[in-house]
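A.B. asks: Got a structure here, written out as structure tokens. Questions coming.
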Amino acid sequence: MARPHTLIQLQTHYGPRYRWLLLLTVMIGTMASVMSSTIINVAVPDMSHYFGLGQDRLQWVSSGFMVAMTVSMLTTPWWLARFGYRKTYSWAVGLLLAGGIAGGLFSQFEWVLVARVAEGLASGVLQPIPAIIILRVFGPGEQGRAGGIFGMGVVLAPAIGPSIGGVLVDWFGWRSTFFMVVPFCVVALAMAARFVPAPSRSEEGEVTEGATLDWRGLLLVVFATLALLNGLGSLQNAALVHAIAMLAAAALAMVAFVRWQRRLSHTHRGPHQRTPLMNMALFHHQQFSMGSIVSFIYGAALFGSTYLLPVYLQMGLGLSASYVGTMLLPAGLALAITIPLVGRMADRYPTHLLVSAGLVLLALGFALMVTVNLTTAVWVIVVWVVVGRVGLGFILPSLNRGSLVGLSKGLIPQGSSTINFARMVGGAVGVRLCAIVLDWRLAAHGESLAHPSTNPGRLLAFNESFLMLAVLCAVAIVAAWNQRAKTAAA
């Protein structure tokens, strides 16, 4: 008997449990992509010593990954329409696997950066897929629960990853962090061949042979994102004229992108015409529009802190990589426990309440870091980090579902990729912003990260950077609450 391949065949063969098997499959691949985006941060000091690079260049290991992931997210609907779920998912996981292996083997920084970009491209295609799957195969009463379980699994990777990664860095060096994605990718590829549906002409979601990728829009997004980050980097290096020019170019490119997407949204009529990367009809839904704003600010705070926290604990408090990984483990586990609990609540309570509560806790966690000094007990720092991660647990299962729930089926793939795009643009900006503020405050206190020893002035610069993240979260709270007001008025 032939193995089932299409969605209907798989649902018939495996019965009600199939949707959970499919969720587990995409969860493992996404765990690998999330791990690849965060675990490298614990290896930044070791890579800095190995390559002899400062924070300004080494930061591209994180921001280069995020730029690639950000722009490739918008292509996910096209990949799915052109090749279907199975090929898209398998090819992306395969590229992630290749990037992880290559990054661990290369000895030149430029080639390591290329491997990180490849990982970012793969991760960008992968990360919108789970939200699309959940909304397609789960009923309305199960979507919050499914999102919670998926979120719990995904955050276990970065929760445990830094702890294992810290030990690996101390024992084997920075290369070992690249190889951590390998077993996840191998398992994901094996499960994808069995559980991810292949397209069928007779089923909803068939591939569109004539679908054409919007290359002009993609190039505009790439240019705008690179110009934005380059401009922020120039601000970090005090090159004011160049920074203004790059930021202006980024703004003009984004305006051109929006105008082009509007044009394509109005003229797209069939499979042989170019499909817009970002259908402007999405922003006619007020829940989605406000959710995109929250997602951008939330991404800046999340990824900015993910970059800042390990560097703070190692270069601000002088702790070892393995010790830092152990310290971050309770926070990751708290996040993993919170997400499924909030996932169940997401089926019953309004999105704005859960997201606002999470942002309050996240802002509080950042603000409490200001109280840390060189004599603060380690357990106090752990508690402050746990508070912020519990806040993330309230946001993660709620924001995507609340933003996408009002969209038609045809808009869900683009809605998922766009909301993730907003989060990742915010994340790329957040990493740069943290570096800029940190360098500014270090200079204000007459400090530098070039010296191995820490002192109260350096610690104060880090604490002020965390305060900036707390302010960002406070702004996001206003946006989340405004989402409720606009939706209620609609």
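A.B. asks: Classify the stretch 361-490 as rounded, prolate or oblate, taking a ≥ b ≥ c as the square roots of the eigenvalues of its Cα gyration tensor: rounded when a/c is under 1.5, otherwise prolate if a/b is larger than b/c and oblate if not.
C.D. replies: Cα axes put the stretch 361-490 in the prolate bin.
A.B. asks: In nm, what is the difference between 0.36 nm times the number of residues separating LYS409 and VAL186 and their Cα-Cα distance?
C.D. replies: Value of the extension gain: 77.1 nm.
A.B. asks: Could you work out how much longer the chain between TRP481 and ASN237 gets when fully extended? Use 0.36 nm per residue separation minus the Cα distance between them, nm to one decimal.
C.D. replies: Using 0.36 nm per residue and subtracting the Cα-Cα distance, I get 84.2 nm.
A.B. asks: Can I ask one more? What FRET efficiency, computed as 1/(1 + (r/R0)^6) with R0 = 30 Å and r the Cβ-Cβ distance, is obtained for GLN11 and TRP91, rounded to the nearest 0.05?
C.D. replies: 0.80
A.B. asks: Within the stretch 320-400, list the trypsin sites (Lys or Arg not before Pro) lying in a DSSP loop whose Cβ has at most 11 other Cβ atoms in a 10 Å radius.
C.D. replies: Taking the stretch 320-400 and a limit of 11 other Cβ atoms within 10 Å, the loop trypsin sites (Lys or Arg not before Pro) found are ARG348.
A.B. asks: Let me ask something additional. Please compute the length gained on full extension between THR371 and ARG344, using 0.36 nm multiplied by the number of residues separating them and subtracting their Cα-Cα distance.
C.D. replies: Here the segment from THR371 to ARG344 would lengthen by 6.3 nm.
A.B. asks: Treat every Asp and Glu Cβ in the chain as -1 and every Lys and Arg Cβ as +1, leave all other atoms uncharged, and give the resulting dipole magnitude about the Cα centre to the nearest 20 debye.
C.D. replies: The calculation lands at about 1280 debye.
A.B. asks: Taking neighbour counts of Cβ atoms within 10 Å as a proxy for exposure, in what order, fewest first, do TRP79, TRP20 appear?
C.D. replies: With the sparsest Cβ surroundings first, the list reads TRP20, TRP79.
A.B. asks: Over the stretch 214-274, calculate the relative contact order: mean separation of alpha carbon pairs under 8 Å at least 6 apart, over the residue count, as a percent.
C.D. replies: It comes to 38 percent, rounded to a whole number.
A.B. asks: Based on alpha-carbon atoms only, what is the radius of gyration of the stretch 1-127 relative to the globular estimate 2.2 N^0.38 Å?
C.D. replies: Relative to the rule-of-thumb radius for its length, the stretch 1-127 sits at 1.26.
A.B. asks: Note down the Stokes-Einstein diffusion coefficient of the stretch 214-274 in µm²/s, whole number, using a Kirkwood radius over alpha carbon pairs, 4 °C, and 1.567 mPa s.
C.D. replies: 104 µm²/s
A.B. asks: If each DSSP helix of 4+ residues adds -39,500 (n - 2.57) and the sum is divided by the residues in the chain, what number results at 222 nm, nearest 500 deg cm²/dmol?
C.D. replies: After summing the helix terms and dividing by the residues of the chain, the value is -26000 deg cm²/dmol.
A.B. asks: Moving on. Could you tally the net charge around VAL67, taking each other residue with its Cβ under 11 Å from the Cβ of VAL67, Lys/Arg +1 and Asp/Glu -1?
C.D. replies: +2
A.B. asks: Right, something else. Please give, to one decimal in nm, the separation of the simple spin-label points placed at TRP215 and SER289, each 7 Å out from Cα toward the Cβ.
C.D. replies: Each label point lies 7 Å from its Cα, and together they span 3.4 nm.
A.B. asks: Tell me which DSSP H helices of the chain clear both cut-offs, 15 Å or more of axial length from alpha-carbon atoms and a mean Kyte-Doolittle hydropathy of at least 1.6.
C.D. replies: 182-195, 351-368
A.B. asks: I'd like the per residue volume of the convex hull spanned by the Cα atoms of the stretch 252-404, given in cubic angstrom.
C.D. replies: It is 162 Å³ per residue.
A.B. asks: Percent of Cα-Cα pairs per 20 Å bin, from 0 to the last occupied bin, for the chain, please list those.
C.D. replies: Over the chain, the share of Cα pairs per 20 Å bin runs 24, 60, 16, 0 percent.
Each value in this text was obtained by applying a stated rule to the coordinates, not by laboratory testing. Keep in mind it's a predicted model, so treat the numbers as computed, not measured. Cβ atoms come from the backbone with ideal geometry, glycine included; neighbour counts cover every protein chain shown.
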